[in-house]
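Since every read-out is calculated from the coordinates, none of them should be taken as a lab result. Every value quoted in this text rests on a predicted model; they were computed, and no experiment measured them. A quick note on method: Cβ atoms are made from the backbone with ideal geometry, for glycine too, and the neighbour counts reach across all protein chains shown.
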Amino acid sequence: MSCVTDRMSGFVVQVLGPLRLRRRGNDVPINDSCLTAVLACLVVHANTPVPVDTLIEAGWGAEPPAHARDSLESRLSRLRTLLAGDGDVSWEGQSCVLRVEPRRIDAVRFERLVAVALRSRSQRATTLLTRALALWRAPAYPELRRDGLAHPQALRLGELRLEAIETLAMHELSAGQPELAIARLLDVLTAEPFRQRTTTLLMHALRGQGREEEAAMAYESMRERLESKLHTEPSAELRAHLLAKPHPAECGSGSFIGRQRECDRLLALVANERLLTVTGQGGVGKTRLLRQILPLFTDPVVLVELCTVDSDGVVLAVAAALGVHAPGSVAALVAAITDELTSRRTVLVIDNCEHVLDAVRELLTAVFRDSETMASTVVATSRVPLGLGGERVLPLTGLETWDEVRALLVRRAHAIRPGFAATDAQLDRIREWLRTVDGLPLGIELAAAHVATEGLDDLPALPNDVVTWSVERLDVQQRELLAALAVFHGEFDRTAAEAVTGSDSAVASLATTGLLAVTDAAGAATRYRAPELVWQVAARGLRGSHQESKVRDRHARWCLDLVTSSAKAAKGPDELAATRSVLNAAKDIIGALNWACHEEPALAADLCGRTGLLFPHRSEVDIHAVQWQLAWRDIPGLSEHTLLLGAGAKAALRFGAAPDALSLAEKAHTAATSAEEKYLALSTIALSCRDLSLPERAERACLDVLELEGLPSACLSEATAMLSLLATTRGDTGEARTRANAARSLAEESGAPSRLAFARYAQGEAEVAHDLSEGAAILLDARAEAKAAQASLVLGPATTTLAAALVRLGRQAEAAALLPEAVAHWERLGSEPWQRVTARVGDELQALTGRRPVR
């Protein structure tokens, strides 16, 4: 075993606090601050040559005296006298070296004690760590602080001290001294309030004492600090120690009836399995069960609905839901999906797999090829199992008790006719009448709609297929209205239904039939959708009918009107609401594009092109994939449409294909006639050239944008902010700050949240180069604004740049909290340049702390 002496004696160099020389227990006086700083610099590099310039900068800063070399030599001569017999200072060429036994330096002794403690049993480790921590008087190497920033060696030693405190606390816990351990950890959090590892250990310690409520409070306090100060979430490691989960009994609340046992079983399986399939016949409530328990999961949940997706669209649908990008091919997207699910804890819910089983199996086979490293859980719903290795199946059957059936029936009937009431005798008749439904919730609800509207006197025989029976009981006009509504790929409101059906009473006519489900009740904005089985029957009625062409044309034009009005609103304070309305209709827009590019190419080009005027600072995988695809297709009416070319260029850039983006954008600019068309092309040229390291061309494109007449201030702020970022890159801090302030003024004039966030980010980048601390504060504001605006393409750069600034400021715990978010962000977007930048920040942090940030 390594031998470590009990205490330092004789000659000692103390740097764990203000520098001191001690000989036989007495201070060796040093009354020269320049000499103290020079000595501190030599101690940092003890027994290693230090260049003269480094020593001069340590002693006198950035503005040394005229004869700095003479001043340095004079002080080194005095230092030799102070060290006589215990150390020496000598010249080696243009460098100077301090020769001293390493064990005489308290920082070296501290590191050795900690290293031995980590290899020792608990009792000896406790003793060694206590002695090691007793060496500290204050932060290390204060003489080497510059511009308020600690020296890198001081930061590294400070991190090691915190780790030593955490380790000592754990040994004290095992030795039956919990109060002492908890007090130590609380002291660390007082000094380092963003240190998540300490919070994890504190929760462990509190739980060991049965103090569950205090442990939960510790987690909540950290979560609130991270959210309010850094606008980020706790790490996966800390979330894993979260104590308080909503009790599954909540599954019985609201409009959800029964299923308590299934809720409990599903939650248990999700916690322990990597692949789980909920099976059951159509209408049994698979989707409803999952939606009910999604809020109960601690890990992030991603829902993919495949009801209206064909086999070719499965991979894209999953990628879009996860937000992952990959250029070039389906195989690249599959690899990106696999990387995301392997590296981060997520519950991926893939709903309605039965009609695309082969495509889902192929995707999940690739994802689970190396399931031992899988961090995520996949939950699928299907009428049959997927048939993959390692799959756990949870069969779902109809409601089992009459109490559950009756509760659902009465509740649904009340929703349709508030005055509905039934006697016990009538309920007995209904019970017999519902036998053929086999407890299927959808069938019960459709039967409830019948008794609510038709009464209880005449109960016609119910077939097994209650959905088709309910549709066939509609009159001709209602059947056509329901068929027309099948053109929607998800939810819709009354206004959308009227635009597509041409009827102002379509929803009202069908509302009492049970064939439409209310998904979001909000007065005039109430949203509806047809349950999966109803949608399938309605879609068969639309396909090949006399009204199909007219309905699809109306649907595509409704999408165009929505996108056009939203693109205009998105340049102002209503940007978020406008963006949300388009994203709610994303599947409809893509469906309309797929139909129109064959039947109405000009309509498809206009619709696709106008989507390019949306999402300036966010990336929508499914929409951008279609934009890029259509821009390259050689179809008359498409290939020469200027806005479509601009939209395709921007989409290519989102997928990391900057050369393709530049080619399309230049083609669009050549053909552009309106300010709107020129702006879309020029802004993409600027972004592409920046990514391709062509700053002069990028700057020229931005200046050309500023010369366009009639552009709204939101667009002008974009170009101005980009000019600021380009100036920052070339080191012109003055211009960068001026441009950034002008961009912020233009953004405030527009009121568009994402433009405000982008301008704030440009201000932060410019300020970091001028005043690191102030720049970090501005970047924190930029992160908050980007999150509120859902501007992911501002949030990513702001996070990486802020993390780098925090590392340089010595705020490692805050940087460590942000870096995993930045890493995950850039991996999803597939941005290799930003991945490299973020990795370098992680390397700097690791060099200081000895530990990479936890994902």
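Taking label points 7 Å from Cα along the Cα-to-Cβ direction, residue 519 and residue 457 give a separation of 3.9 nm.
What size of dipole, in debye to the nearest 20, comes out for the chain about its Cα centre when the only charges are +1 on Lys and Arg C-beta atoms and -1 on Asp and Glu C-beta atoms? Can you show the working numbers first?
Values: 94 positive and 109 negative charges, 591 e Å.
Here the size comes out at about 2840 debye.
Working note: 222 nm ellipticity from helices only, DSSP H runs with n ≥ 4, each -39,500 (n - 2.57), summed and divided by the residues of the chain, gives -19000 deg cm²/dmol to the nearest 500. Scaled against the 2.2 N^0.38 Å expected of a compact globular protein of N residues, the Cα radius of gyration of region 1-160 reads 1.09. Between residue 735 and residue 565, residue separation times 0.36 nm minus the direct Cα-Cα distance comes to 57.6 nm.
Net charge near residue 778, counting Lys/Arg +1 and Asp/Glu -1 over other residues with Cβ under 12 Å of its Cβ? Each step should come with its number before you reach the end.
On the way: positive: 737, 744, 760, 783; negative: 765, 767, 771, 774, 781, 785.
Net of charged neighbours comes to -2.
Here the calculated FRET efficiency for residue 472 and residue 417, from their Cβ-Cβ distance with R0 = 25 Å, stands at 0.65, rounded to the nearest 0.05.
So for the chain, considering every pair of alpha-carbon atoms, how many percent are separated by more than 48 Å?
Working: 133902 of 365085 pairs.
Cα-Cα pairs of the chain separated by over 48 Å account for 37 percent.
Centre-to-centre, using Cα atoms only, region 38-61 and region 169-195 are separated by 37 Å.
Need one number: % antiparallel among DSSP beta bridges in the chain, to the nearest 5.
Numbers: 20 of 39 bridges.
DSSP beta bridges in the chain are roughly 50 percent antiparallel.
Of the two radii for region 422-581, the radius of gyration is 1.06 times the Kirkwood radius, both from the alpha carbons; that is the Rg over Rh value.
Gyration tensor analysis over the Cα atoms of region 691-783 returns equivalent ellipsoid semi-axes of 20, 17, 9 Å (largest first, whole Å). Between residue 275 and 378, 392, the built amide H atoms are under 5 Å apart, and every one of these is 5 or more places off in sequence or on another chain.
Could you list, in their original order, any pairs among 550/678; 229/568; 587/787; 286/650 whose Cα atoms are separated by more than 28 Å?
Details: 550/678 34 Å; 229/568 33 Å; 587/787 24 Å; 286/650 39 Å.
Exceeds cut-off: 550/678; 229/568; 286/650.
Model label sites at residue 393 and residue 130, defined 7 Å from Cα along the beta-carbon direction, differ in position by 6.2 nm. Each Lys or Arg adds one and each Asp or Glu subtracts one; over the other residues with Cβ under 14 Å from the Cβ of residue 102, this totals +1.
Using the number of other C-beta atoms within 10 angstrom as an exposure proxy, rank 60, 136 with the fewest first.
Numbers: 60 16, 136 19.
So the residues, fewest neighbours to most, are 60, 136.
Within the chain, no helix built from a complete DSSP H run reaches 27 Å or longer along its own axis (Cα positions) while carrying a mean Kyte-Doolittle hydropathy of 1.6 or higher.
Grab the Cα-Cα distance for residue 312 and residue 427, subtract it from 0.36 nm times how many residues apart they are, and report the gain in nm with one decimal.
On the way: separation 115, 0.36 × 115 = 41.40 nm, distance 4.76 nm.
Contour length minus Cα-Cα distance gives 36.6 nm.
The equivalent ellipsoid of region 272-395 has semi-axes of 21, 16, 14 Å, largest first, where each one is the square root of 5 times an eigenvalue of the Cα gyration tensor.
For a Förster distance of 35 Å, can you work out the FRET efficiency between the beta-carbons of residue 82 and residue 190, rounded to the nearest 0.05? Could the numbers behind the result be given before it?
Details: r = 38 Å, r/R0 = 1.08.
The value I calculate is 0.40.
Model label sites at residue 63 and residue 358, defined 7 Å from Cα along the beta-carbon direction, differ in position by 7.7 nm. Local charge for residue 151 was computed over the other residues whose Cβ lies under 10 Å away, with Lys and Arg +1 and Asp and Glu -1, and equals +2.
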